[in-house]
Amino acid sequence: MNRIALSVLAAAVLAGVAYYFGIRTSPHVAPASTPAAAAVPAARPTLSAVFAETDPVQHRSLFMQWLTGLTADETAFTAPQLWAMPGDVNEVTERKKLFGYAWGQRDGAAALEFARTQPGAGKVAAIGAALAGWASRDPEAAKAWIAARLDPREQLMYSWALVEGWARNDPAAATANALSMKELPNAGRFIQTIALEQVRRDPSAACAWALTLPEGSSREAAVLEIATHWSRISPQAAADWARNLPGTSLAIPALKNATTEWARQDAAAAGSWLNQLPPSKLRDQAVASYCQVLAVQNLGTISQWAQTITDTHLREQSLVRIAEEWMGRNPATTLAWLPNSGLSGAAMERIKQVAH
């Protein structure tokens with residue numbers, strides 16, 4: 001398939017990625033052979049009891065209890081019942097996705113053959129989830145099945161699932177596989193998928209892994225994904241790491257993401273940390289991100305932060321964003337602030353035009 005045809009398929013890939021963001025936030029489903037699964041059946045709800053529950057939170061809790069105790073023998077005869085159960089579109093998709101993942105861990109080929117023949121909402125998500133579940137147990141078998149059973153369009157679409165499941169099984173092998181597909185459209189997302197799985201397990205190991213990747217888009221994608229998700233857990237640790245990355249092409253985007261998340265969580269702590277950075281291009285970009293998050297707060301305080309940016313163009317951009325935000329909220333205060341804002345005359349005139 002030529003490069004143009006692959007680009008056309010990119011839209012199909014994106015449609016298939018919907019499952020990708022959901023399955024990663026779902027609780028891990030223990031295989032039937034684990035002690036946790038073996039201990040559940042005594043208190044495990046029946047499927048009828050699950051669907052009799054009308055409270056959506058309790059319904060999902062019961063469904064997860066039922067799913068955790070799922071045995072290999074139950075999967076095939078339970079699947080048609082589950083697919084026939086009513087529910088809204090999102091609920092149906094989530095249900096099929098979780099069940100598909102659990103079944104894929106136990107019998108990937110059977111789960112996929114069933115899901116591929118089913119109509120209705122959640123089919124694509126269920127196929128992707130079953131592949132991810134299978135790849136988390138036996139990635140080579142899942143990869144061989146994709147090559148043998150899917151057409152090129154489907155292979156491209158469901159490669160996401162293979163990489164995600166593989167990353168849970170063997171990150172090093174998953175990385176090698178993802179790098180072998182670097183010519184595909186949006187291939188950077190394969191590396192992002194692995195990066196997320198890595199940072200969820202061990203941020204320090206994820207950081208070291210990212211720097212082993214080839215220089216260029218793959219490494220940049222991994223670093224950005226790690227910074228984004230690590231900063232949600234430990235923003236200062238993520239910021240400290242980002243600050244010391246080699247090269248501005250890695251450090252600036254990573255630090256901007258870490259600073260943005262930190263400002264949302266604890267603006268005072270993030271500000272104290274930024275105050276300790278020496279003047280540099282890196283600090284300028286981090287402060288600009290900080291100001292963008294806090295633009296809706298005290299006009300005087302946040303503009304003072306923006307005025308510490310040493311890069312003239314970036315400083316003006318930041319101040320303009322702040323002024324535009326405030327002009328929509330409080331034109332009188334903004335107009336009174338403008339003369340001492342640090343903005344150029346031309347920029348002030350453009351802002352004043354907004355008020356008229």
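The values are calculated or read from the model by the stated rules, or taken from the named source; none is laboratory data. Source: prediction; values computed, not measured. Every residue, glycine among them, receives a Cβ derived from its backbone with ideal geometry; neighbour counts consider all protein chains shown.
Could you say whether any residue in the range 279-286 is more than 28 Å from the chain's Cα centre (by Cα) and closer than 29 Å to Asn244 by Cβ?
yes
Which pairs have Cβ atoms under 8 Å, sit 6 or more apart or on different chains, and link a residue in the range 47-76 that is assigned by TED's automatic domain parsing to the domain that holds Val92 to one that is among the hydroxyl-bearing types (Ser, Thr, Tyr)?
Leu47/Thr78; Trp66/Thr46; Leu70/Thr78
Sort out which residues of the range 119-136 are among the hydrophobic types (A, V, I, L, M, F, W, C) and outside any helix (DSSP H, G or I), and write them in order of number.
Correct list: Ala121 only.
What helices (runs of 4 or more DSSP H) completely inside the range 43-85 contain at least 3 residues that are over 20 Å from Gln118 (Cβ atoms) and not acidic (Asp, Glu)?
Counting at least 3 such residues, we get 47-52, 56-68.
If you scan the range 165-183, which residues turn out to be surrounded by fewer than 18 Cβ atoms within 10 Å (Cβ to Cβ) and free of Cβ contacts under 8 Å to residues at least 40 places away in the same chain?
Asn169, Asp170, Ala172, Ala173, Ala176, Leu179, Ser180, Met181, Lys182
With Trp230, Trp209 as the choices, which residue is of a type in the set (A, V, I, L, M, F, W, C), crowded, with 20+ Cβ neighbours inside 10 Å, on the phi < 0 side of the Ramachandran plot and outside any loop (DSSP other than H, G, I, E, B)?
Going through Trp230, Trp209 in turn, the sole match is Trp230.
Could you go through the range 51-69 and let me know if any residue there is touching a Phe, Trp or Tyr at 6+ places or on another chain (Cβ under 7 Å) and modelled with pLDDT of 90 or more. Talk me through it step by step, then tell me what you get.
Applying the first criterion (touching a Phe, Trp or Tyr at 6+ places or on another chain (Cβ under 7 Å)) to the range 51-69 yields 67.
Going one step further and asking which of them are modelled with pLDDT of 90 or more, we end up with 67.
Among the residues of the range 51-69, at least one is touching a Phe, Trp or Tyr at 6+ places or on another chain (Cβ under 7 Å) and modelled with pLDDT of 90 or more, which makes the answer yes.
Tell me the residue from Glu164, Glu225 that is assigned to a helix (DSSP H, G or I), under 22 Å from Ile252 (Cβ atoms), within 14 Å of the chain's Cα centre (by Cα) and among the acidic types (Asp, Glu), please.
Step by step, each of Glu164, Glu225 is checked, and only Glu225 is assigned to a helix (DSSP H, G or I), under 22 Å from Ile252 (Cβ atoms), within 14 Å of the chain's Cα centre (by Cα) and among the acidic types (Asp, Glu).
What are the pairs, 6+ residues apart or on separate chains, where a residue within the range 112-131 that is in the same structural domain as Val163 (by TED's automatic domain parsing) and at positive phi has its Cβ under 6 Å from a residue that is basic (Lys, Arg) and part of a helix (DSSP H, G or I)?
Gly122/Lys96
Right, Ala126: among the small types (Gly, Ala, Ser) and touching a Lys or Arg at 6+ places or on another chain (Cβ under 7 Å) or not?
On the way: among the small types (Gly, Ala, Ser): yes; touching a Lys or Arg at 6+ places or on another chain (Cβ under 7 Å): yes.
In short, yes.
Going by the structure shown, is Ala142 among the small types (Gly, Ala, Ser) and not assigned by TED's automatic domain parsing to the domain that holds Ala110?
Judged against the criteria, Ala142 is not a match.
Return yes when Tyr158 is in a helix (DSSP H, G or I) and either farther than 15 Å from Leu67 by Cβ or among the β-branched types (Val, Ile, Thr) (or both) and no when it is not.
Criteria met by Tyr158.
Could you check the range 283-303 and list, in sequence order, the residues that are within 16 Å of Gly342 (Cβ to Cβ) and either at pLDDT 95 or above or part of a helix (DSSP H, G or I) (or both)?
Asp284, Val287, Ala288, Cys291, Leu299, Gly300, Thr301, Ile302, Ser303
Considering only residues that are β-branched (Val, Ile, Thr) and crowded, with 17+ Cβ neighbours inside 10 Å, look in the range 322-356 and name the one that is farthest from Asp311 (Cα to Cα).
In this case the residue turns out to be Thr334.
Any residue that is modelled with pLDDT of 90 or more, surrounded by fewer than 23 Cβ atoms within 10 Å (Cβ to Cβ) and more than 29 Å from Thr68 (Cα to Cα) - is there at least one of those in the range 136-148?
Checking the range 136-148: at least one residue is modelled with pLDDT of 90 or more, surrounded by fewer than 23 Cβ atoms within 10 Å (Cβ to Cβ) and more than 29 Å from Thr68 (Cα to Cα).
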